[in-house]
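Have a look at the structure below before the remarks.
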Amino acid sequence: MKKKKYLKITAAVCMLAAAGALFAALLYFRIIKLNDPGEDYPVKGVDVSSYQGDIDWSVLSENLDFVFIKATEGSKYCDGNFDYNYSEARKTHLRVGAYHFFSFESSGATQAENFISNVEPYEGMLPPAVDVELYGEYRSNPKSAEVIVPELKTMLNKLEDHYGVKPVIYATGSAYNMYIADEFSEYDLWIRDVYFKPDSDWTFWQHSDTGRLEGYNGEEKHIDLNVFNGSKEDFDRYFSKE
């Protein structure tokens, strides 16, 4: 009797473990989503780069409110599609902003100069955004906050001096915990969390990197989906100079 009872318990534990593993896999591959913002956040947007190829902005802009367009990376690189995207997106109803991918291999000053030389300010633009995330070899061997934070502060200060607004900081969870949480609370946060709703104080939330929309033809078939933390009226007032 004891042996039968033991076998039943073992079978139940194995079934629970298998169910847990299946649930984790479905969550990992985004088949099950626990972070769908639904209608809680009515202001919706995307971020794009040359990975989305040629964009028909009259089509992509449908049912969206804003876009952040990749402009620059490091001290020298400018996205090959930026000029076109920045110009054409502004012909739609969208609020438009530009973002910079922060390099751990360049000074904050030269990265700011790269962004400023490529991104012309215009009335009503969203604040410039700086994308801070671990990439390449830095995923397993990240640079210390003592090295990165001063350079990031330099860049943010230079952008604020030039554009007249505090930039937005985009961060993945690991980069946020390592570099942002303790040093940059005065900046609006654009947080990436494609599994759960973020528990930090955020302004923009990138909730999916597997979106599918009409209006682009790049090799990358997916597009990043974002929401703003507020109503449409809040968004109309967000850094608007109109």
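Identify, from the list ALA175, ALA145, ALA181, the residue that is among the aliphatic types (A, V, I, L, M), surrounded by fewer than 21 Cβ atoms within 10 Å (Cβ to Cβ) and in contact (Cβ under 8 Å) with a residue 24 or more places away in the chain.
Values: ALA175 fails: surrounded by fewer than 21 Cβ atoms within 10 Å (Cβ to Cβ); ALA181 fails: in contact (Cβ under 8 Å) with a residue 24 or more places away in the chain.
Among ALA175, ALA145, ALA181, only ALA145 is among the aliphatic types (A, V, I, L, M), surrounded by fewer than 21 Cβ atoms within 10 Å (Cβ to Cβ) and in contact (Cβ under 8 Å) with a residue 24 or more places away in the chain.
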Every residue from region 188-202 that is open to solvent by 20 Å² or more (accessible area, probe 1.4 Å) and outside any strand (DSSP E or B):
ASP188, ASP193, TYR195, PHE196, LYS197, ASP199, SER200, ASP201
For the list (1) part of a helix (DSSP H, G or I); (2) open to solvent by less than 50 Å² (accessible area, probe 1.4 Å); (3) under 27 Å from GLU113 (Cβ atoms), I need the number of the one condition that ASP161 fails.
(2)
THR210 vs (1) in contact with a strand residue (DSSP E or B) (Cβ under 6 Å, 6 or more places away or on another chain); (2) part of a strand (DSSP E or B); (3) not hydrophobic (A, V, I, L, M, F, W, C): all pass except (1)
Looking across region 92-108 at residues that are touching a helix residue (DSSP H, G or I) at 6+ places or on another chain (Cβ under 6 Å) and closer than 22 Å to ASP224 by Cβ, the single one that is surrounded by the most Cβ atoms within 10 Å (Cβ to Cβ) is HIS100
Counting only residues that are of a type in the set (S, T, N, Q), touching a strand residue (DSSP E or B) at 6+ places or on another chain (Cβ under 9 Å) and either assigned to a loop (DSSP other than H, G, I, E, B) or open to solvent by 10 Å² or more (accessible area, probe 1.4 Å) (or both), how many does region 53-91 have?
3
Scan region 109-125 and give yes if some residue there is buried (at least 21 other Cβ atoms within 10 Å of the Cβ), in contact (Cβ under 8 Å) with a residue 12 or more places away in the chain and not in a helix (DSSP H, G or I), otherwise no.
yes
Residues that are under 13 Å from THR72 (Cα atoms) and either in contact with a Lys or Arg (Cβ under 9 Å, 6 or more places away or on another chain) or open to solvent by 80 Å² or more (accessible area, probe 1.4 Å) (or both), drawn from region 126-142
ASP131
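The values are calculated or read from the model by the stated rules, or taken from the named source; none is laboratory data. A quick note: this is a predicted structure, and the numbers were derived from the prediction, not measured. Ideal geometry is used to build each Cβ from the backbone, glycine not excepted, and the neighbour counts take in all protein chains shown. Please note that ligands, DNA and RNA were not included when accessible areas were found on the heavy atoms of the full protein model with its side chains. Shrake-Rupley method; radii C 1.70, N 1.55, O 1.52, S 1.80 Å.
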